[in-house]
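*Asks:* Let me begin by handing over the structure; questions about it come next.
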Amino acid sequence: MSEQGKVSVVNTVDTQHSDMIHDAQVDYYGKRLATCSSDKTVKIFEVGDKTQTLIASLPGHEGPVWQLDWAHPKYGSILASCSYDRKVIIWKDTNGKWETLYEFREHKSSVNSIQWAPHEFGLVLACGSADESISFLYYTDGEWKAKYIRSAHPCGCNAVSWAPAVIPGSLVDESSKSVISTTKRLVSGGGDNVVKIWKEDGDKFVLEAKLEGHQDWVRDVAWAPSIGLPVSRIASCSQDCKVMIWKKDEIEGGNWEPQVLNTFNDVVWHVSWSITGDILAVSGADNKVTLWKESPNGKWALVSDVSHGQSQQ
């Protein structure tokens with residue numbers, strides 16, 4: 001690989017977890033790192049220049065903790081976690097003390113995925129569960145309320161990801177009076193091998209599109225960030241070892257067009273977009289993280305990769 005294709009590991013963190021780590025998330029400002037593990041705890045670190053200091057270890061879950069997500073800082077220092085114990089816990093830092101802000105216990109099986117909605121929509125958390133449902137936790141008038149998609153995915157929901165709040169095409173549409181959408185949209189993936197797009201309609205979410213192309217469980221989905229260009233993109237990965245890119249011209253309309261980014265040698269667990277939405281990170285059971293970028297001809301090219309335990313490759 002060329003010199004510009006190398007990825008360097010500049011720092012490592014001793015999390016002090018006693019079991020497998022499932023997720024690690026940096027907050028909005030890049031100053032705090034949260035990690036979660038099969039040891040049933042969430043840990044929070046202050047991150048500096050090549051330094052990290054453990055500031056909190058949060059017990060409260062009774063099973064492996066799968067995923068974390070920081071809320072936008074306009075709502076304070078708030079972190080959500082989900083677990084095999086069927087619980088979602090929302091934590092808040094108040095004057096340096098982390099406490100449970102809210103605990104949601106209504107799912108009947110493991111809660112596999114969580115994500116806060118774009119901050120323009122308020123304090124709203126989506127939760128995908130192995131009980132086949134997706135729940136939405138809204139903070140309104142000083143209390144938490146829940147909505148549900150009861151049968152989102154047979155065999156369970158594995159991943160959820162919100163559409164950006166920016167209206168597709170608003171950057172190039174001179175007649176657009178607003179760049180922020182008033183409609184919430186969400187993509188999910190599940191054990192039915194399907195990617196589904198949901199749209200808020202009144203007080204419920206309805207199915208907007210069903211994207212079929214994977215041959216095994218969909219493990220993760222990620223809706224690409226938007227700066228207002230007319231094209232929407234979603235990435236999905238699966239136990240079938242494939243990563244797919246779903247693309248739709250929101251101005252012209254039509255269907256979501258699928259494209260296989262790559263077929264890997266092992267199961268793919270996670271996909272994540274860069275903040276500009278033009279580079280996709282992929283990680284899986286092969287212990288590699290690869291970065292991909294779309295070329296001008298519409299094909300996706302590998303731009304770098306790094307293997308577990310290696311500083312460069």
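The values are calculated or read from the model by the stated rules, or taken from the named source; none is laboratory data. Model, not experiment: these values are computed from the prediction. So basically every Cβ, Gly included, is an ideal-geometry build from the backbone, and we count neighbours across all protein chains shown. Each accessible area value is taken on the protein alone, full model and side chains, heavy atoms only, with ligands, DNA and RNA left out. Shrake-Rupley method; radii C 1.70, N 1.55, O 1.52, S 1.80 Å.
*Asks:* Do the conditions hold for Gly254, that is, is it open to solvent by 20 Å² or more (accessible area, probe 1.4 Å) and at positive phi?
*Replies:* For Gly254, the condition - open to solvent by 20 Å² or more (accessible area, probe 1.4 Å) and at positive phi - is met.
*Asks:* For segment 136-146, give me each residue that is out of contact with any Lys or Arg (no Cβ under 7 Å at 6 or more places or on another chain) and either surrounded by 11 or more Cβ atoms within 10 Å (Cβ to Cβ) or closer than 15 Å to Leu101 by Cβ (or both). First the steps, then the outcome.
*Replies:* Of all residues in segment 136-146, those out of contact with any Lys or Arg (no Cβ under 7 Å at 6 or more places or on another chain) come to 137, 139-146.
Answer for segment 136-146, where residues must be out of contact with any Lys or Arg (no Cβ under 7 Å at 6 or more places or on another chain) and either surrounded by 11 or more Cβ atoms within 10 Å (Cβ to Cβ) or closer than 15 Å to Leu101 by Cβ (or both): Leu137, Tyr139, Thr140, Gly142, Glu143, Trp144, Lys145, Ala146.
*Asks:* Looking at segment 89-99, is at least one residue under 25 Å from Thr183 (Cβ atoms) and of a type in the set (Val, Ile, Thr)?
*Replies:* yes
*Asks:* To continue, here is another question. Does Asp201 fit the bill of being open to solvent by 10 Å² or more (accessible area, probe 1.4 Å) and at pLDDT below 95? Give the steps one after another, and end with the answer.
*Replies:* Working: open to solvent by 10 Å² or more (accessible area, probe 1.4 Å): yes; at pLDDT below 95: yes.
For Asp201, the condition - open to solvent by 10 Å² or more (accessible area, probe 1.4 Å) and at pLDDT below 95 - is met.
*Asks:* OK, next. Report those strands (runs of 3 or more DSSP E) wholly inside segment 30-116 carrying at least 1 residues which are farther than 26 Å from His153 by Cβ and among the small types (Gly, Ala, Ser).
*Replies:* Fully inside segment 30-116 and qualifying: 32-37, 52-58.
*Asks:* Next question. Under the condition of being open to solvent by less than 30 Å² (accessible area, probe 1.4 Å) and not β-branched (Val, Ile, Thr), which residue from segment 242-251 is nearest to Ser304 (Cα to Cα)?
*Replies:* Here is the first cut: in segment 242-251, the residues open to solvent by less than 30 Å² (accessible area, probe 1.4 Å) are 243-246.
After this cut, where a residue has to be not β-branched (Val, Ile, Thr) as well, the list is 244, 246.
Values: Met244: 18, Trp246: 22 Å.
Going through the qualifying residues, I end up with Met244.
*Asks:* Please state which of the following conditions Ile275 fails to meet, knowing it meets all the rest: (1) in a strand (DSSP E or B); (2) out of contact with any Leu (no Cβ under 9 Å at 6 or more places or on another chain); (3) open to solvent by 70 Å² or more (accessible area, probe 1.4 Å); (4) not polar (S, T, N, Q).
*Replies:* All conditions pass for Ile275, except number (1).
*Asks:* Then there is this: Can you name the residue in segment 279-300 that is open to solvent by 40 Å² or more (accessible area, probe 1.4 Å) and closer than 12 Å to Ile245 by Cβ and is also modelled with the highest pLDDT among such residues?
*Replies:* Lys293
*Asks:* Right, another one. If we scan segment 242-265, do we find a residue that is touching a Pro at 6+ places or on another chain (Cβ under 9 Å), within 27 Å of Gln25 (Cβ to Cβ) and in a loop (DSSP other than H, G, I, E, B)?
*Replies:* No: zero hits.
*Asks:* If you don't mind, another one. Can you tell which of Val303, Val231 is in contact with a helix residue (DSSP H, G or I) (Cβ under 9 Å, 6 or more places away or on another chain), at pLDDT below 95 and surrounded by 14 or more Cβ atoms within 10 Å (Cβ to Cβ)? Explain how you work it out, then say what you get.
*Replies:* Details: Val231 fails: in contact with a helix residue (DSSP H, G or I) (Cβ under 9 Å, 6 or more places away or on another chain).
Going through Val303, Val231 in turn, the sole match is Val303.
*Asks:* Which members of segment 29-71 meet the condition of being of a type in the set (Ser, Thr, Tyr) and either open to solvent by less than 50 Å² (accessible area, probe 1.4 Å) or modelled with pLDDT under 95 (or both)?
*Replies:* Correct list: Tyr29, Thr35, Ser37, Ser38, Thr41, Thr51, Thr53.
Okay, residues lined up against (1) closer than 20 Å to Thr140 by Cα; (2) crowded, with 20+ Cβ neighbours inside 10 Å:
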{"site": "Gly76", "(1), (2)": "yes, no"}
{"site": "Cys82", "(1), (2)": "no, yes"}
{"site": "Lys92", "(1), (2)": "yes, no"}
{"site": "Gly96", "(1), (2)": "no, no"}
{"site": "Thr100", "(1), (2)": "yes, no"}
{"site": "Arg105", "(1), (2)": "yes, no"}
{"site": "Val111", "(1), (2)": "no, yes"}
{"site": "Trp116", "(1), (2)": "yes, yes"}
{"site": "His119", "(1), (2)": "yes, no"}
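*Asks:* Oh, and also: Which members of segment 256-276 meet the condition of being touching a strand residue (DSSP E or B) at 6+ places or on another chain (Cβ under 7 Å) and of a type outside the set (Val, Ile, Thr)?
*Replies:* If the condition is that a residue be touching a strand residue (DSSP E or B) at 6+ places or on another chain (Cβ under 7 Å) and of a type outside the set (Val, Ile, Thr), then Trp256, Glu257, Pro258, Gln259, Leu261, Asn262, Phe264, Asp266, Trp269, His270, Ser272, Trp273 are the ones that fit.
*Asks:* So which residues in segment 210-234 are acidic (Asp, Glu) and in a loop (DSSP other than H, G, I, E, B), if there are any at all?
*Replies:* Scanning segment 210-234 gives a single hit, Asp216.
*Asks:* Would you mind stating whether Lys74 is in contact with a Gly (Cβ under 9 Å, 6 or more places away or on another chain) and at pLDDT 95 or above?
*Replies:* So Lys74 does not fit the description; no.
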